[in-house]
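Written below as structure tokens is the structure these notes are about.
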Amino acid sequence: MKPYSITRRLISTVLLVELLAALSISTAAMLYERHQRFRAFDIMLRGRADSLLGAVQDAEDSQDNVMLDGTEVNFPAEDIYQVQDASGRVLGHSPNWNGPDQGLLAAKTGRFLRVHVHGIRYRAMRIEGLRIVDPGDKGGGIPRRVSIFYGSPIDGVWRDIWRAVGFYAATSLTLLAVSGLLIFWLLNRGLAPLRELAAAAGGVSVDSWEFAPPERARMIRELEPLTVALETAITGLERSFMQQRRFVGDAAHELKTAVAVLKSSLQLLTLKQRTAPEYEKGIERCQLDCDRMEEAVAKMLTLAQVETKPELPSARVSTDLAQILRQVAEQFDSMAELKRLRILVMAEEAVMVDVEAEQLQLLCSNLLLNALQHSPAGSAIRAVAEQDGELAIEDDGDGIAPQDLPHVFDRFYRGDPSRSRNTGGTGLGLSICKAIVSRWQGTIEITSELGIGTRVVVHLPLSGVPSASVKVAVRN
């Protein structure tokens, strides 16, 4: 489809509508003028025919006939007429007419017909009249019937009609031209905020995310939703782009560091001849570095998978949060035993939430693993699933510094400036948790105090399935 200008299309549409209106007005004017002028013409025609009937007089002969008194006949020279009695005898006629044709002769009294005489169009009519000869005689006189045929040219009438229609048409076209220019100016002025908004949006690029919509666009009721939508979309795109750029940079840094560590370990083994135990220890260290690198890549892929599919499934899901939490806790039993920790799970009854089972399990695993990695030996980790869809994980670890709390959900972020790997983390666990919770329209919050511990609270949407009360279970 070819691009087009909305201004030109609107102007063309309005002008086309006005042109159709002008044609309709001109047509209506022509019909009205025709009706009115021919109505007046017919009245004039009937009046002249009646005047001609009045010119029929007593012939004063022995047969008591009637005649047409020429002294009383004074009509326009272009008109045609003929007077005849009941026997068909012509009493008189106009010099430019040889008499009516059969159609006019057979016409009903008072009916108007069109006739052509010498190439000129006439509108003619026939009337019947009655004249009384010797009305003073005994018996009231002798009645004599006469037929009057009278016609007048209509070319002048049509000239007047078309002259009036031409005036209406010229006036309409003039108004059309003036209104077209006015509409063009008004549309250009009215669409100026839209063009300014388009120009502001067109200036946005991957190198410049500044978007300053014109204030006039905010003041226009029809453009305000579009302006807000553009601001929201561009802000979201900028955030996503910056997150992607930061993610790529952080991932490159993490992988580069891991590769550098692995390379250093291998170079260290090749510096001099070593014993078999030393080689075994070096290879084990390289294996740990490879495992750490593999774990980082796997978590990056998991995070990308969660974030690239933000839409929710069309059908609601129903997953038992308490069951998932118990299963995850069982999986970490061995790790907790090795670190001399206890996992206290308070979730024995079903808590049905609207989250897919796989992602809910990943959420619980990351939160419990994070607590296990930062809890001192001999302490306890408390995991609670509430009936309102709340999941709480609490530990007695070292806590998080206040300046680090705003960044705990950032990718690859570690509170330790040296980015130590003593805990074995990659800095992506909480980022994955945040992405999962956001996708399912939940919330996640972390509160922590140095030297006391950390508490993570997650609110998940319920699936609408009723659940019973929560009981306490202790796992060592």
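The values are calculated or read from the model by the stated rules, or taken from the named source; none is laboratory data. For clarity, every value in this text was computed on a predicted model and none was experimentally measured. Ideal geometry is used to build each Cβ from the backbone, glycine not excepted, and the neighbour counts take in all protein chains shown. These area figures cover heavy atoms from the full protein model, side chains too; ligands, DNA and RNA do not enter into them. Shrake-Rupley method; radii C 1.70, N 1.55, O 1.52, S 1.80 Å.
Quick notes
- For THR13, solvent-accessible area (1.4 Å; no DNA, RNA or ligand), Å²: 70
- Rounded tilt (10° steps) of 155-190 against the dominant C-alpha axis of the chain: 20
- Residue order for ARG216, ARG126 - accessible surface, 1.4 angstrom probe, largest first: ARG216, ARG126
- Percent carbon-and-sulfur accessible area, the chain, ignoring ligands, DNA and RNA, probe 1.4 Å: 57
- Counted charge near ARG111, where neighbours are those whose Cβ lies closer than 12 Å (Asp, Glu -1; Lys, Arg +1): +3
- Local net charge near PRO214, Cβ-Cβ under 11 Å (Lys/Arg +1, Asp/Glu -1): +1
- Stokes-Einstein, applied to the Kirkwood radius of the chain over Cα pairs at a viscosity of 0.692 mPa s and 37 °C, places its translational diffusion at 98 µm² s⁻¹.
- Highest mean packing first, where packing is the average number of other Cβ atoms within 10 Å per residue, the peptides 317-326, 379-388 line up as 317-326, 379-388.
- Estimated from helices alone, the mean residue ellipticity of the chain at 222 nm is -16500 deg cm²/dmol (sum of -39500 (n - 2.57) over DSSP H runs with n ≥ 4, per residue).
- Accessible surface, the range 317-391, averaged per residue in Å² (probe 1.4 Å): 39
- Summing +1 for each Lys or Arg and -1 for each Asp or Glu among the other residues whose beta-carbon sits under 12 angstrom from that of ARG37 gives +2.
- Subtracting the Cα-Cα distance of SER62 and ARG216 from 0.36 nm times their residue separation leaves 45.3 nm of extension gain.
- Beta bridges per DSSP, both residues in the chain: antiparallel share near 90 percent.
- The smallest convex shape that holds all Cα atoms of the range 69-227, its convex hull, gives 278 Å³ per residue.
- Simple Cβ-charge dipole of the chain, Lys/Arg +1 and Asp/Glu -1, about Cα centre, in debye nearest 20: 1100
- Shape class for the range 245-306: oblate, because the ratio a/c of the largest to smallest gyration tensor axis (alpha-carbon atoms, square roots of eigenvalues) is 1.5 or more and b/c is at least a/b.
- When the range 1-151 is described by a simple charge dipole with +1 on each Lys and Arg Cβ and -1 on each Asp and Glu Cβ, the residue from GLY110, SER12, ILE25 located farthest towards its positive end is SER12.
- Accessible-area ranking of LEU391, LEU271, LEU462, LEU91, largest first, probe 1.4 Å: LEU271, LEU462, LEU91, LEU391
- Degrees between helix 429-439 axis and first principal axis of the chain (Cα, 0 to 90, nearest 10): 30
- Anisotropy class of the range 323-399 from Cα gyration tensor, a/c 1.5 cut: prolate
- In degrees, nearest ten, helix 192-202 long axis to first principal axis of the chain (Cα): 30
- Counting 0.36 nm for each residue step from ALA21 to GLN102 and taking away their Cα separation leaves a gain of 24.7 nm.
- Spin-label model distance (nm) - THR235 vs LYS281, 7 Å beyond Cα toward Cβ: 5.7
- Viscosity 1.002 mPa s, 20 °C: Kirkwood-radius Stokes-Einstein D of the range 1-71 over Cα pairs, µm²/s: 120
- Global geometry of the range 254-384, whether rounded, prolate or oblate, following the gyration tensor of its Cα atoms and the 1.5 cut on a/c: oblate
- The 1.4 Å probe gives accessible areas that order ILE142, ILE234, largest first, as ILE142, ILE234.
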